[in-house]
Structure formats: structure tokens, C-alpha cells
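Okay, structure first, notes after.
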């Protein structure tokens, strides 16, 4: 099977926020597994975990432990420490070949407080993370940002740091509403700061395989966002994905391979979509 190759328009990382205002929309799963598949293809990737629940950090650190069974796995500094010290340089944790992590922890809950104490304007607040992330963009091909639900401070910081947004859509009504609200916020930020931001696509994650509600939400999403914006690849409900969150990513049996195979296809389409927009940049939302 041949894979899509990433064709960037510059030497700097393509930065993508994986978002939705609704929790439980599959954001972290998509961030972790797409980054894992990118790395396996030789695409140097960095995951920035901007969620104080730190689920992406836990999953990737468990994956690191699997790949280094004899190692003692520790995190020296989290992103909140980097924020306090004014630099993300040197905070990256190598998970495996071509995959790195900027780790989060519960202390990131104080990020909004830090913003208000250390900025003077709304624009300074919104570009705070971007100023720390910019120096790292020369070191990677792709940066994926995982964000929590319903945090405007984090959402704004992630979005202004990004070239693209991938919207994760689980097939239930609240996730669809969360995606619609999220796109409205993207549009406001894009116009306010002239970001040239692009939604690379909407990736559906099924709540129930073959469910009537899932089919209804998919059809509603196509009508709302346009069928061209919907990923052709759909992530089915798979129990093994939940185990990856608990135990890390493994490739040991047919259940693992089923998830890996699906995300090979998802990642192929993700790269294909990035290539299209990179080759046809017009600065429009």
C-alpha cells in the first residue's frame, strides 16, 4: 500500500489544532493516533497537549513505556513550567522515532490566571502560546494541538498558533452543536487577526456502528458543513481504541491492527487534504 507524502509549502511545521467545543468528541484519540501514524511514515511530528486532563500526555507516555520496556519513564517539565519560564525549548519528550510531546498536567488549569496576570491586551492573551511555539516550528514537519472542551482562552491560543483546524465530530447532537459553535469562533478569530486559517476537514467518529442516530447526524453534518468538508474515512466504534487510551498504542494482535489500519487510511486522507490546501493557498477561510 502506498502512502500519501506530505508536501509542505515552507520549511516550517504545519500546525493543526484538533478541536470541537464538546467534550468526548474524539479529539485526543484522533490527535494521538494521527501523530503516531505520521511518525511511522517518517514525518517528524510534535503533539502539544493543551488539556489539563492531560489524556494525550498519558496515552503517549504509556506508548513510550511500551517502546522502552527497560527505561524509567519520567517527565521533567510540563508546558505550564515552560509558560512560567517563557520557553518551550527543551520541554519536548521523545515518544518514539519522529514523535515528540509537549506534556501537560493538572497545573495547566492555572493558564487563564497566568494570562490575566502577565498580559495587557486581548491580543497578547490570544498570541501567548504562539510566541512560545514559534521557535519550535523549524524543528518539525507537523505539530498537532490537543485542546480541552469549552475553554475560550485555550481555544484562542491554539487557533492563532495554527495553520489548519481538524474538527473531530462524534455522531451525537451535542458534538454537532459543539462543532457548529466552534466554527463560529474560528470565523471570528480568523477575521479579527487575518489568520488565513483553513478547516482541513471534519472527521466523523461513530458513537454506534450502523446506528440510526449516527446516520442522521452524518447527514445533518453534510448539509451543515458541506459534503466536501467531511472526511471520506469514518472512524467506527472500536473497543480497542479505548484500551489505547489506558495502556498506550500497541500493535500486537488483530484488534490492534484493525485500529492501526483504519488510522492509516485516516492519516492518508489527512495528508492528502493538507497537500491540497498547501498547494492552493489563498489565505481564505
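Here is how the numbers come out for the structure above:
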item	result
Members of segment 37-63 that are on the phi > 0 side of the Ramachandran plot and surrounded by fewer than 21 Cβ atoms within 10 Å (Cβ to Cβ)	42
Residue in segment 188-196 that is within 17 Å of residue 80 (Cβ to Cβ), touching a helix residue (DSSP H, G or I) at 6+ places or on another chain (Cβ under 9 Å) and part of a helix (DSSP H, G or I) present	no
Number of the exception - residue 210 against (1) farther than 25 Å from residue 101 by Cα; (2) assigned to a helix (DSSP H, G or I); (3) without any contact (Cβ under 8 Å) to a residue 24 or more places away in the chain	(2)
Hits in segment 216-241 - residues which are under 16 Å from residue 168 (Cα atoms) and free of Cβ contacts under 8 Å to residues at least 24 places away in the same chain	219, 222, 226, 227, 228
Those residues of segment 128-144 which are surrounded by 19 or more Cβ atoms within 10 Å (Cβ to Cβ) and either without any contact (Cβ under 8 Å) to a residue 60 or more places away in the chain or not in a loop (DSSP other than H, G, I, E, B) (or both), in sequence order	128, 129, 132, 133, 136, 142, 143, 144
Wholly within segment 3-98, strands (runs of 3 or more DSSP E) carrying at least 3 residues that are over 15 Å from the mean Cα position of the chain (by Cα) and within 20 Å of residue 231 (Cβ to Cβ)	none
Residue 270, sole failed condition from (1) out of contact with any helix residue (DSSP H, G or I) (no Cβ under 7 Å at 6 or more places or on another chain); (2) part of a helix (DSSP H, G or I)	(1)
Failed condition for residue 97, given (1) modelled with pLDDT of 95 or more; (2) touching a strand residue (DSSP E or B) at 6+ places or on another chain (Cβ under 9 Å); (3) under 24 Å from residue 37 (Cα atoms)	(2)
Tally of residues being in contact (Cβ under 8 Å) with a residue 12 or more places away in the chain and either buried (at least 22 other Cβ atoms within 10 Å of the Cβ) or farther than 20 Å from residue 243 by Cβ (or both) across segment 64-75	1
In segment 1-36, residue surrounded by the fewest Cβ atoms within 10 Å (Cβ to Cβ) [restricted to those that are farther than 16 Å from residue 263 by Cα, modelled with pLDDT of 95 or more and touching a helix residue (DSSP H, G or I) at 6+ places or on another chain (Cβ under 7 Å)]	14
All positions within segment 88-103 that are under 18 Å from residue 131 (Cβ atoms) and surrounded by 13 or more Cβ atoms within 10 Å (Cβ to Cβ)	88, 91, 92, 102
When residues of segment 221-231 are limited to those that are surrounded by 13 or more Cβ atoms within 10 Å (Cβ to Cβ) and either at pLDDT below 90 or within 21 Å of the chain's Cα centre (by Cα) (or both), the one farthest from residue 29 (Cα to Cα)	224
Residues located in segment 160-181, provided they are in contact (Cβ under 8 Å) with a residue 60 or more places away in the chain, over 16 Å from residue 28 (Cα atoms) and in contact with a strand residue (DSSP E or B) (Cβ under 8 Å, 6 or more places away or on another chain)	161, 162, 163, 164
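The values are calculated or read from the model by the stated rules, or taken from the named source; none is laboratory data. Predicted model only: the values in this text are computed from it and were never measured. Ideal geometry is used to build each Cβ from the backbone, glycine not excepted, and the neighbour counts take in all protein chains shown.
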